Amino acid sequence: MSPAPSAPSGFEEAGSLRQQASAAGMDPDYWYAVEEARRVKPGTVVEIIFWKRSIALFRGMDGEFHAVENRCAHRQLKLSLGEVQGCRLVCAYHGWRYDENGRLAEIPHDRFGRGLPKLSLRTYPVTVRYGLIWLFPGKPDLAQLRQIPDIPELEGPARWACVPLSFTWAAHHSMVIDNVSDFSHAHLHRRYRPFEGATLTRCETVGDNVHLAYDTRVGRGRISGLFVDHNRLDTNHIELCFQYPYQWSNTDDEIKHWLFVLPIDERTTRTFFLFYFKSLKIPLLPVRIPRFAMTTVLKIANRLLIGPLLAQDRFAVEAEQQGYERHWDAPPIELNPVVRAFQKVTVRKWREYLAHGTESGDASV
């Protein structure tokens, strides 16, 4: 018996919309969340991968973050295998030192009568916002034009409580976006009941954004539902948006979330979830939890409720990725129109980027 044909090897070979979406990268000319700031201590370096491109993210002893292409110009070792000394990134092999601008600053061994080579590595704009480290992997001159999403509720002295959650899921980023916005999968969450009985009331693509809304009962879990004031809030409706390349939701302007994805390759995605609440109530009492206690409550909720809930989503999208790889040529059967809407935007944006990159000679992705 002849072996089954293999899946398309790349975006250009993909045929159906589903195949194209499952092979598409993401436009690098946007800011991407790449790590939680608290996880990168001063004097450390970590590897960041944006769509198969390795980047060394390091933090100097002064606390500032920097990012350079992850290779030493000498023998091409990953600089993330090295260390940080002061504000310089040091290669693990020969100790070549690079400054925060990616320039070779020092060679500690004998240079055999030769001067210091004038070498520099590509650097990437980096900033910190909402407790996350953001990196701009595209053309640096566009970094000032493209903005990190504004979340006014997470800034200022009256900011809402928020404790980020981050994971690495073995699934394509399009499947992750589908999962968090396609509310027809309530069966998966029947234990935690974050939403029930969803009826799609809006699905509209405006430019690069897909707007959608559901009439659904939000926050009805046996435990989590006790913290939501259903008498005061309209928890029977939710609005969502795939604001390429980000995703958000809003329930009555008091329960919100953002999802930021970092595409690593065709089957791996880093996810950063920001759930934030204007207030929650003390279970069984019509009294709000004091603002000073909200962060502690969310840390506990992340561990006991939200984290396990997202673990179910992880299980589902990773199983979907495996299923796609086995049955990539199966005819797609999508009942919810939002999935095709997301896929169309994902494919169009990637096709536009590839065309633009070819025209400008950018072969970095």
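The values are calculated or read from the model by the stated rules, or taken from the named source; none is laboratory data. Owing to the predicted nature of the structure, the values given are computational and were not obtained by experimental measurement. Note that we place each Cβ from the backbone using ideal geometry, even for glycine, and neighbour counts take in every protein chain shown.
Taking the condition crowded, with 17+ Cβ neighbours inside 10 Å, part of a loop (DSSP other than H, G, I, E, B) and without any contact (Cβ under 8 Å) to a residue 60 or more places away in the chain, does Arg193 pass?
Here the answer is yes, as Arg193 does meet what is asked.
Just need a number here: residues in segment 80-89 that are surrounded by 23 or more Cβ atoms within 10 Å (Cβ to Cβ) and within 27 Å of His172 (Cα to Cα).
So the answer is 0.
Does Asp215 count as in the same structural domain as Val287 (by TED's automatic domain parsing), on the phi > 0 side of the Ramachandran plot and either free of Cβ contacts under 8 Å to residues at least 24 places away in the same chain or not in a strand (DSSP E or B) (or both)?
Judged against the criteria, Asp215 is not a match.
Looking at (1) of a type outside the set (S, T, N, Q); (2) closer than 23 Å to Arg53 by Cα; (3) surrounded by fewer than 20 Cβ atoms within 10 Å (Cβ to Cβ), find the lone condition where Pro263 falls short.
Unmet for Pro263, out of (1) of a type outside the set (S, T, N, Q); (2) closer than 23 Å to Arg53 by Cα; (3) surrounded by fewer than 20 Cβ atoms within 10 Å (Cβ to Cβ): (3).
Hey, among the residues in segment 235-260 that are surrounded by fewer than 19 Cβ atoms within 10 Å (Cβ to Cβ) and of a type in the set (Asp, Glu), which one's modelled with the highest pLDDT?
Glu239
For segment 107-139, how many residues meet the condition of being over 18 Å from Leu89 (Cβ atoms), under 20 Å from the mean Cα position of the chain (by Cα) and surrounded by fewer than 19 Cβ atoms within 10 Å (Cβ to Cβ)?
Residues that pass the stated criteria total 5.
When you check Trp160 against the structure, is it buried (at least 17 other Cβ atoms within 10 Å of the Cβ), closer than 25 Å to Arg39 by Cβ and not assigned by TED's automatic domain parsing to the domain that holds Val297, yes or no?
In short, no.
For segment 303-334, how many residues meet the condition of being modelled with pLDDT under 95, touching a helix residue (DSSP H, G or I) at 6+ places or on another chain (Cβ under 7 Å) and farther than 17 Å from Arg193 by Cα?
Counting residues in segment 303-334 that are modelled with pLDDT under 95, touching a helix residue (DSSP H, G or I) at 6+ places or on another chain (Cβ under 7 Å) and farther than 17 Å from Arg193 by Cα gives 3.
Go through Pro290, Pro308 for me and flag whichever is assigned by TED's automatic domain parsing to the domain that holds His185 and closer than 22 Å to Ala170 by Cβ.
Of Pro290, Pro308, the one residue that is assigned by TED's automatic domain parsing to the domain that holds His185 and closer than 22 Å to Ala170 by Cβ is Pro308.
Could you check Asp178 against (1) under 24 Å from the mean Cα position of the chain (by Cα); (2) surrounded by 15 or more Cβ atoms within 10 Å (Cβ to Cβ); (3) under 29 Å from Ile300 (Cβ atoms); (4) not aromatic (Phe, Trp, Tyr) and say which number it fails?
(3)
Looking at Ala14, Ala4, Ala33, which is the one that is at pLDDT below 95 and buried (at least 18 other Cβ atoms within 10 Å of the Cβ)?
The unique qualifying residue is Ala14.
Sort out which residues of segment 128-147 are of a type outside the set (Phe, Trp, Tyr) and either at positive phi or without any contact (Cβ under 8 Å) to a residue 24 or more places away in the chain (or both), and write them in order of number.
Arg129, Gly131, Pro140, Asp141, Gln144, Leu145 - these are the residues of segment 128-147 that are of a type outside the set (Phe, Trp, Tyr) and either at positive phi or without any contact (Cβ under 8 Å) to a residue 24 or more places away in the chain (or both).
Out of (1) of a type in the set (D, E, K, R); (2) touching a residue at least 60 places away in the same chain (Cβ under 8 Å); (3) out of contact with any Pro (no Cβ under 7 Å at 6 or more places or on another chain), what's the single condition that is false for Glu47?
(2)
Tell me which of these Gly156 doesn't satisfy, since it passes every other one: (1) in contact with a strand residue (DSSP E or B) (Cβ under 9 Å, 6 or more places away or on another chain); (2) farther than 23 Å from Arg303 by Cα; (3) in a loop (DSSP other than H, G, I, E, B).
It fails just one condition, (1).
Within segment 281-325, track down each residue that is over 23 Å from Leu132 (Cβ atoms), surrounded by 14 or more Cβ atoms within 10 Å (Cβ to Cβ) and not charged (D, E, K, R).
Passing the criteria: Ile282, Ile289, Gln312, Ala316, Gln321, Tyr324.
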